[in-house]
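Have a look at the structure below, then the notes.
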Amino acid sequence: MTNVGLSLVLILVAIACFIVLCYKGLSPVASALICTAIVSLADMNGFANGFFELFPMVTTGFMKFMLLPFLTGAIFGTVMNASGCNEKLGRWLVAKVGPRLAPYTLAALTVILLLGGVMSYVFVVAYLSFGILKQANLPRTVGLTIMSGYMPIGMILLCGATTTQLIPTQFLGTNIYAGFHWESLCLWYAW
């Protein structure tokens, strides 16, 4: 088996191991370290390079770029929850659109935040969904489904999305507003 094939197998084993370890109650940090050790076995430069150099470099790079957005989003969501703003906003929105359209209102808010480039949308939408879904008498899993299901629509498929891949624009000589993505319309109606 080539190194690429071995890497693929070890990545799949590490993902399955991470899921099992987290469901068994092990800390996600400890699970990530164990799974990193599994994947590092296939590193072309050796285990020590993958585990002690590459993993910390990538992890700290992610934390460096995403700490401030996640921290401000979590603070904003906590303040909304503590002040009761999410319940008041949920009561007002459900009164305007009705309980039947409450999930669609939450989906529209998710897409608007994503189109605006709010990378910590998860915290904002989570706390908004607590108030909206409570007033509409719906389970919280609906909010989780909306947050994860509408993420590709708001971040990738819609025209002008801030995280749209720019590779087609380089080869086609267009910009990110050049055409409507029919896939997004199909996904929107399929939901």
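Taken over region 7-50, the criterion of being surrounded by 12 or more Cβ atoms within 10 Å (Cβ to Cβ), of a type in the set (A, V, I, L, M) and in contact with a Leu (Cβ under 8 Å, 6 or more places away or on another chain) is satisfied by L10, I34, I38, V39, L41, A42.
Scanning region 63-73 for residues that are under 17 Å from L113 (Cα atoms) and modelled with pLDDT under 85 turns up M66, P69, F70, G73. Does region 151-164 contain at least one residue that is buried (at least 19 other Cβ atoms within 10 Å of the Cβ), under 13 Å from the mean Cα position of the chain (by Cα) and at pLDDT below 90? Checked region 151-164: at least one residue is buried (at least 19 other Cβ atoms within 10 Å of the Cβ), under 13 Å from the mean Cα position of the chain (by Cα) and at pLDDT below 90. So if I check each of T110, T59, which one is surrounded by 11 or more Cβ atoms within 10 Å (Cβ to Cβ), β-branched (V, I, T), within 30 Å of L10 (Cα to Cα) and within 18 Å of the chain's Cα centre (by Cα)? Checking each option against the conditions leaves just T59. When we screen V97, V58 for residues that are farther than 22 Å from P139 by Cβ and without any contact (Cβ under 8 Å) to a residue 24 or more places away in the chain, the only hit is V58. Taken over region 136-146, the criterion of being assigned to a helix (DSSP H, G or I), surrounded by fewer than 20 Cβ atoms within 10 Å (Cβ to Cβ) and not hydroxyl-bearing (S, T, Y) is satisfied by R140, V142, L144.
Looking at I11, I75, I19, I15, just one residue is within 23 Å of the chain's Cα centre (by Cα), more than 29 Å from T110 (Cα to Cα) and without any contact (Cβ under 8 Å) to a residue 40 or more places away in the chain, and that residue is I11.
The values are calculated or read from the model by the stated rules, or taken from the named source; none is laboratory data. What you see is a predicted model; the values in this text were computed from it and never measured. Note: ideal-geometry Cβ built from the backbone for every residue, glycine included; neighbour counts use all protein chains shown.
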